[in-house]
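Before any comments, here is the structure.
The values are calculated or read from the model by the stated rules, or taken from the named source; none is laboratory data. All of these numbers come straight from a predicted model, not from anything done at the bench. A quick note on method: Cβ atoms are made from the backbone with ideal geometry, for glycine too, and the neighbour counts reach across all protein chains shown.
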Amino acid sequence: MKFNRKRSSAEGHSRLSLRLWDFTGTALLNLFMFLFLIAYLSPLPFMAIASLTPKNQFLDANAPILPSTRMKFNYEGKDLIVYDVPTEDGAKHWALYKPGRKSSQFIDPQNPQAGVITWEGSWRTLKAVYELAPTLDNFREFLGVTKLPLWFKNTILVALISEVGVLFSSIAVAYGFSRFRIPGIKYIFLLLIATIMIPSNITLVPTYYLFSGHMLNWIGTWLPLIVPHFFGSAILIFLLRQNFKSIPRDLDEAAMLDGAGPLRILISIILPQSVPVVTTVALLHFFYIWNETRMSGLYLGVAPNLQMISFGIQRGQSFFFTPEALMVGALVAMAVPVLVLFLSQRFFMQDMIVTQIEK
Amino acid sequence: MAVTYQTRKAVDVKAPKRTRLQQEARIGWLFIAPWVIGFILLKALPILAALVFSLTDFQMLSPETTSFVGLSNYIRFFGDTEAGASLFASLSYFLLTVPLELIVALVLAAIFTSERLRNKGFLRTLIFMTSIIPATSIFFIFLGSLQYADRLIFQPLNLPPLQGFGLLVPFMALWSIGPGFLIMYSAMESVPGEIYEAARVDGAGPFARFFYVTLPMVSPAIFFTLVVNLTGAFGGAVLLDRGYILNFSLSPMEEYINNTMFTQSDLGYASALAWVTFAVMMTLTIFLFRSAKNWVHFPEEHDDNEI
C-alpha cells in the first residue's frame with residue numbers, strides 16, 4: 001500500500017514535469033516558426049506599406065516609415081507646415097507662418113486667435129510633424145500609366161487557350177507513357193526527362209529563328225506563346241505520368257475486358273481518379289503563363305496591344321518612375337498567383353509532392 | 001504433368017499475343033505522338049541547329065552571309081576572360097544558392113514533421129507562397145525592402161547603405177525553397193514511425209534520429225531536390241516558373257550570353273557559350289548522379305511493370 005502510493009506520486013510528478021517540458025517545447029517551436037515567418041515574409045508588408053506611401057516620402061530623410069504626410073494647418077487661406085517647436089513650456093506643434101533666419105513667426109493651431117507667436121532660433125533645425133496618410137494615389141497613377149485591363153485580358157486569353165492545349169496533349173502523352181508497352185519506351189522517357197534539363201538558352205535562338213520572318217513569321221502574334229504548348233510540356237507530362245502509374249491497373253483491365261477502348265479507359269477510369277494532379281498541372285501552367293516574361297518580350301515586343309501582364313509591368317519600370325508606383329506593380333503582378341495558390345492550396349500542395357517522389 | 005505441358009502447348013497464344021503487343025505499341029505511339037512531334041520540331045531540331053550555329057558566324061539579320069568557322073567560337077571562349085569570369089561567377093553563385101536553398105528547406109521540413117507545430121497547413125502555404133511570386137515582383141520587392149532595411153537597420157546603426165544586387169542572390173534563393181521544402185517534407189512524413197520507435201528504444205536522441213534515420217530515409221528526396229535546384233539554376237525547366245527579370249540576370253553567365261545574343265547579335269558565339277555552359281552543367285549533374293550511389297539510399301527497385 002505504502003509502496004503503491006509512493007510510486008503513484010512519483011509518477012504524477014514526472015508526468016507533470018513532462019507536461020511542462022512538453023508545453024515549453026511546443027511553445028518554443030511555435031514561437032521559432034512564428035519569428036522565422038515574420039522575418040521570411042517581412043518584405044511583403046513593406047511592399048504593401050510602400051504602395052500606400054505618398055509621393056516623395058522616400059526622399060524625405062526625416063519622414064517616418066509608415067505612409068504619412070507633413071501636417072498642415074490652414075490659416076487665412078494658406079497651408080502652413082506644422083513643426084515641432086521646443087519652447088519653455090515643452091515642445092509645441094506650431095505652424096510656421098513667417099520663416100526668418102534668426103527668429104520665425106508661428107501660429108498655434110490650437111489657438112489661432114492668439115495670433116502670431118515669435119520664436120527665437122533657426123526654423124531650419126526644426127522637425128516637421130507628420131500625420132498618418134495612406135493614399136491610393138499610386139494605384140491611380142499606375143492604372144493611368146499602364147494598360148492593365150488589356151494586359152490582364154491578354155494574359156487570361158493566352159493562359160486559357162494554351163491551357164487547353166497543354167492539358168490535352170500532356171494527359172494523352174502521360175497516358176501513353178504510363179500504360180502502353182512500347183519497345184524502348186524507357187529510353188524515350190529518359191529523353192523526355194533530358195529535355196527538362198536542357199537550358200532554354202540553347203534552343204532560344206533557333207526557336208526564335210523558326211518563329212521569325214525567315215520561316216513562320218509569327219512574331220507579333222500569340223502563336224509562339226501558344227502553339228508549343230499543344231505538344232505537351234515535359235515537366236507536366238512527368239508529373240502526370242508518375243500519378244497515372246500509381247493508379248492500379250485492375251480497373252482498366254476490367255474495363256478492357258468489358259470492351260472499353262484505350263480512350264474510353266483514359267476518360268472514364270484514369271481521369272476521374274486524377275482530378276487533383278490534373279488541377280495541379282493546370283495551375284502550374286497558369287503560373288507559368290502569368291509569370292512569363294521572356295517569350296512575351298521576344299515575340300510581343302512589336303505588338304503592344306497583345307502584351308501580357310508580367311512583361312508589361314516589368315517594362316513599366318522605365319515609365320512609372322517612383323518607387324511607390326513600382327511597389328504597386330509588384331503587388332498587382334503577384335496578387336493573382338498568390339490568390340490562386342491560397343484558393344487551391346488544399347490539393348495543389350499535396351499533390352505536387354506525392355507525384356514527384358517516385359523517381 | 002504431361003497433361004499440363006500438353007495443354008500449355010495446345011493453347012499457344014504466341015502469335016496473337018505478338019500482334020496484340022504490336023497493336024498496343026501502335027496505340028501507345030499514337031498517344032505519345034504529340035510530344036514526339038513537339039520534341040523533334042521544338043527540341044531536337046533547334047538543338048541540332050544550335051550546334052550548327054555554334055560552328056558558324058551566324059547573324060540573325062543577315063542569315064545568307066553565314067559561313068562555317070569550325071571550332072573557332074569554342075576556341076574564342078577559352079581566350080575570352082570575361083566569359084570565363086562570368087561562368088566562374090555563375091558557378092560560385094550556384095555553389096552558394098543551391099546548398100542554401102536545400103539546407104533551409106531541409107531544416108524547415110524537419111521542423112514541420114514535429115507534431116507540436118500548429119496550423120501546419122497554413123504555415124506550409126505561407127512558406128510555399130514566396131516561390132510563386134513572379135520575378136517581376138521579386139525585383140521590385142527586393143529594391144523596396146533594401147530601402148526599408150536601410151531606414152530601419154543601417155541608418156540607426158550608422159552603417160553604410162546596402163548597395164548593388166549582391167543580396168538579391170541569397171534573397172531569391174531563400175524565396176525559392178517551396179518545391180524542395182514540400183518534396184522533403186512529404187518524404188519525411190512517409191518515413192514509417194516504427195523506425196523512429198526502434199531508434200528511440202536503442203537510445204537515439206532527436207539529433208541522432210535526424211542524422212541517422214531521417215536523413216538516410218529521405219535521401220532520395222534530397223537528391224531529387226538537388227537535381228531540380230541545379231536544373232533550375234542552369235536555366236532548365238522548373239516546376240514553378242517565375243519568369244525572368246529583364247535586363248538583369250541572377251546568373252552572370254546567362255547575362256553574358258544574352259548580351260552576346262541580343263545586343264551584339266553574335267548568335268554563333270552565343271550558341272557556343274550556351275553549349276559550354278550546358279557541358280559544365282551536365283558534368284556537374286553526372287557527378288551528382290555518380291555520387292548518389294554513395295549517399296542516396298534508393299528504395300529497392302520494384303519491377304516497373306514493363307515500362
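Going by the structure shown, is B:Leu96 closer than 30 Å to B:Pro206 by Cα and more than 7 Å from chain A (Cβ to nearest Cβ)? So B:Leu96 fits the description; yes. Only one entry of A:Ser246, A:Ser268, A:Ser233 meets the criterion of being surrounded by fewer than 20 Cβ atoms within 10 Å (Cβ to Cβ), among the hydroxyl-bearing types (Ser, Thr, Tyr) and at pLDDT 90 or above, and that entry is A:Ser268.
Condition check ((1) within 8 Å of chain B (Cβ to nearest Cβ); (2) among the acidic types (Asp, Glu); (3) within 23 Å of the chain's Cα centre (by Cα)) across all residues:
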residue: A:Phe32; (1), (2), (3): yes, no, no
residue: A:Met47; (1), (2), (3): yes, no, yes
residue: A:Ser51; (1), (2), (3): no, no, yes
residue: A:Tyr75; (1), (2), (3): no, no, no
residue: A:Leu80; (1), (2), (3): no, no, no
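The number of residues in segment B:102-118 being at pLDDT 85 or above and more than 7 Å from every other protein chain (Cβ to nearest Cβ) comes to 11. Just so you know, in segment B:187-211 the residues that are touching a residue at least 24 places away in the same chain (Cβ under 8 Å) and within 14 Å of another protein chain (Cβ to nearest Cβ) include one that is nearest to B:Thr231 (Cα to Cα), and it is B:Ala187.
Restricted to segment A:153-191, and to residues there that are within 30 Å of the chain's Cα centre (by Cα) and over 18 Å from A:Leu223 (Cα atoms), the residue that is surrounded by the fewest Cβ atoms within 10 Å (Cβ to Cβ) is A:Ile171.
One residue alone among A:Met334, A:Met308 is more than 9 Å from every other protein chain (Cβ to nearest Cβ), crowded, with 22+ Cβ neighbours inside 10 Å and modelled with pLDDT of 85 or more, and that residue is A:Met308.
Considering each residue of segment B:258-275, count those that are among the aromatic types (Phe, Trp, Tyr) and either crowded, with 24+ Cβ neighbours inside 10 Å or touching a strand residue (DSSP E or B) at 6+ places or on another chain (Cβ under 7 Å) (or both), and give that number. Counting residues in segment B:258-275 that are among the aromatic types (Phe, Trp, Tyr) and either crowded, with 24+ Cβ neighbours inside 10 Å or touching a strand residue (DSSP E or B) at 6+ places or on another chain (Cβ under 7 Å) (or both) gives 1.
Give A:Leu283, A:Leu251 a once-over and let me know the one that is assigned to a helix (DSSP H, G or I), surrounded by fewer than 23 Cβ atoms within 10 Å (Cβ to Cβ) and in contact with a Phe, Trp or Tyr (Cβ under 6 Å, 6 or more places away or on another chain). From the options A:Leu283, A:Leu251, the qualifying one is A:Leu283.
For segment B:29-56, residues that are within 24 Å of the chain's Cα centre (by Cα), in contact (Cβ under 8 Å) with a residue 24 or more places away in the chain and at the interface with chain A (Cβ under 7 Å from one of its Cβ atoms) total 1. Look at (1) at the interface with chain B (Cβ under 8 Å from one of its Cβ atoms); (2) buried (at least 23 other Cβ atoms within 10 Å of the Cβ) and you find that A:Ile196 fails only one, number (2). Would you please name the residue that is nearest to the other protein chains (Cβ to nearest Cβ), looking only at residues in segment B:222-272 that are out of contact with any Pro (no Cβ under 6 Å at 6 or more places or on another chain) and among the charged types (D, E, K, R)? Top of the filtered list is B:Asp241. Does A:Ile185 satisfy the condition of being more than 7 Å from every other protein chain (Cβ to nearest Cβ) and either of a type in the set (A, V, I, L, M, F, W, C) or in contact with a strand residue (DSSP E or B) (Cβ under 8 Å, 6 or more places away or on another chain) (or both)? No: the conditions fail for A:Ile185. Against the numbered list (1) more than 31 Å from the chain's Cα centre (by Cα); (2) within 12 Å of another protein chain (Cβ to nearest Cβ); (3) of a type in the set (Phe, Trp, Tyr); (4) surrounded by 14 or more Cβ atoms within 10 Å (Cβ to Cβ), A:Trp119 comes up short only at (2). All of (1) farther than 30 Å from A:Met334 by Cβ; (2) under 27 Å from the mean Cα position of the chain (by Cα) hold for A:Phe58 with one exception: (1).
Among the candidates A:Gln356, A:Gln345, the residue that is modelled with pLDDT of 75 or more, polar (S, T, N, Q), part of a helix (DSSP H, G or I) and more than 22 Å from B:Thr136 (Cβ to Cβ) is uniquely A:Gln345. So is B:Ser271 closer than 21 Å to B:Phe68 by Cβ, assigned to a helix (DSSP H, G or I) and modelled with pLDDT under 90 or not? Criteria met by B:Ser271.
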